[in-house]
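Asker: Pasting a structure here, questions to come.
The values are calculated or read from the model by the stated rules, or taken from the named source; none is laboratory data. These numbers come from a predicted model, not from an experiment. Backbone-built Cβ (ideal geometry, glycine too); neighbour counts: all protein chains shown. Just so you know, the surface numbers come from the protein's heavy atoms only, side chains and all, with ligands and any DNA or RNA stripped out. Shrake-Rupley method; radii C 1.70, N 1.55, O 1.52, S 1.80 Å.
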Amino acid sequence: MDEFEFIDRASTNAEKYVLRKKLFGTEEVLPMWVADMDLATPQCVLDSVRKRLLHPVIGYEIMRDKAYDAQIAWVETHHAFTMQREWLSYSPSVVASIGCAIRALSEEGDEVIVMDPVYPPFFSMVQENRRRLIRHPLRQDDQGIYRFDSALLRSQLTPKTKLLLLCSPHNPIGRVWSREELETLGTLCLENNIRIISDEIHSDIVYKPHRHTPIASLSAELLENSVTLLGPGKTFNMAGFSISTVSIPSKDLRDAYEKERRRLHWGDGAVLSHVALETAYTDGTAWHQKLLEHLQHNRHAIETSLSAHPKIAFRQPEATYLAWLDCRAFGMGDRELRDFFIQKAGLGLSPGLSFGKEGSGFMRLNFAVSSDKLNTALLQLERLSNG
Ligand SMILES: Cc1ncc(COP(=O)(O)O)c(C=O)c1O
């Protein structure tokens, strides 16, 4: 099945390997935690960067309109959302944009809604910028599908609630929020004067029949009320280029964000990253298609293997290459569970509790690896059946 070039990243400076000792206390684990992939960045991207290096000056450059236009065309094709060039600006990182948008659109002491579990910087960006967290628990319904509870959410709001940090699609639970769910959230925000910061970095890793809907695309009101964060880092395995974009259609919100951005002075990024982004969005379609096929194959392999597992429950994610493993049947505390995975299965996964209280008893496994590596991990997981 593997048609890609998978790279042994052990001898490189890859974070997932380098931090093994620190995170797991040993180098003897297969690291399947941080969300990047083991496969080579698309050849077209690498070639375009090599070509740019034939020019001997790597000076200050601004990101060209052509690069933004490539992203606009990609988003239009894949998500039926038409962005305008003037809405968009460069950011070195989606997390940095979250911080900048929080600062721009709220005051110290204001409240920000964050769903739990979620990608950990959602919590830290709120707290480190001295806003108050409103944790909204996501819970599984009787079919195992994670849902927010709009009545509960409504009851959690106060006049100090100014922002919703949305993860769409949602890491780590792999939900692609439906149009109806997004409409419910959007209406609730509009009625209560709450701005939406929507992190859509995982929007290109979505499995059929699910479809990603940018929340800003739902209505003219939501367009004006949303900040959308996008980037090629996950889609094309190019996180190391440190490039993403921020889309803010509302002039008022954009001005507030720009003011904050100027304070941080993060400029317009690096020329090689501009080239990489433009090429990925222009020429990356076939690669992306193959990627989705490979990830679907791996997702299916996990389901086949774990369907017989007596202690680990798994529901296929609708998006992302992250498997959210329900390990509560082991009946262990979170530290014990983590150590158990390290020592008994030789796997370095992300502990569910790091994604918030609702993640307790879960482990997150990154399956953007070769089929062989995944099979090894699945065999190692089988060893845990008698835990
Ligand atoms: C939901 C989400 N947002 C943001 C990021 C990181 O983005 P960046 O590296 O651009 O800050 C990740 C990485 O895993 C993520 O899962």
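Asker: Would you calculate, for the chain, the mean residue ellipticity at 222 nm contributed by helices, counting each DSSP H stretch of 4 or more residues as -39,500 (n - 2.57) and dividing by all residues, to the nearest 500?
Answerer: -12000 deg cm²/dmol
Asker: Using alpha-carbon pairs under 8 Å, 6+ residues apart, how would you state the relative contact order of the stretch 153-243 in percent?
Answerer: 28 percent
Asker: Accessible area of the chain with a 1.4 Å probe: how many percent of it is carbon plus sulfur?
Answerer: 49 percent
Asker: Could you work out which residue, out of Pro214, Pro159, Pro249, moves most in a Gaussian network model of the chain, that is, has the largest mean-square fluctuation with Cα springs under 10 Å?
Answerer: Pro159
Asker: Add +1 for every Lys or Arg and -1 for every Asp or Glu among the other residues with Cβ under 13 Å from the Cβ of Leu230, and state the total.
Answerer: Net local charge, Leu230 excluded: -3.
Asker: What size of dipole, in debye to the nearest 20, comes out for the stretch 172-262 about its Cα centre when the only charges are +1 on Lys and Arg C-beta atoms and -1 on Asp and Glu C-beta atoms?
Answerer: 340 debye
Asker: Once you have the Cα-Cα distance between Asn129 and Ser242, take 0.36 nm times their residue separation minus that, and quote the gain in nm to one decimal.
Answerer: That works out to 38.5 nm of additional length.
Asker: With springs only between Cα atoms under 10 Å apart, run a GNM on the chain and tell me which of Met115, Met238, Met332 wobbles the most.
Answerer: Per the Cα network of the chain with a 10 Å cutoff, Met332 tops the list.
Asker: Mind running the shape call on the chain? Use the C-alpha gyration tensor, a ≥ b ≥ c as the square roots of the eigenvalues: rounded below 1.5 for a/c, prolate if a/b tops b/c, oblate otherwise.
Answerer: Since a/c reaches 1.5 but b/c is at least a/b, the shape of the chain is classed as oblate.
Asker: Write down the accessible area per residue of the stretch 48-283 in Å², having rolled a 1.4 Å probe over the full set of protein chains.
Answerer: Result: 43 Å² of accessible area for each residue.
Asker: Would you mind calculating the gained length between Glu5 and Arg211 on full extension (0.36 nm times residue separation, minus the Cα-Cα distance), in nm to one decimal?
Answerer: Extra length from Glu5 to Arg211 when fully extended: 71.4 nm.
Asker: Cut-off 10 angstrom, C-alpha nodes, Gaussian network model of the chain. Which of Gln143, Gln316, Gln343 fluctuates the most?
Answerer: Residue with maximal mean-square fluctuation among Gln143, Gln316, Gln343: Gln143.
Asker: Another question about this same structure. Whats the longest run of the chain with zero GluC sites (Glu not before Pro) that are DSSP loop and have at most 16 other Cβ atoms within 10 Å?
Answerer: 109-387
Asker: Out of the DSSP beta bridges found with both residues in the chain, what percent are antiparallel (nearest 5)?
Answerer: Of all bridge pairs located within the chain, approximately 50 percent are antiparallel.
Asker: Given Ala73, Ile145, Trp33, which one lies farthest toward the positive end of the charge dipole of the chain, if we put +1 on the Cβ of every Lys and Arg and -1 on the Cβ of every Asp and Glu?
Answerer: Looking along the dipole axis, the top candidate is Trp33.
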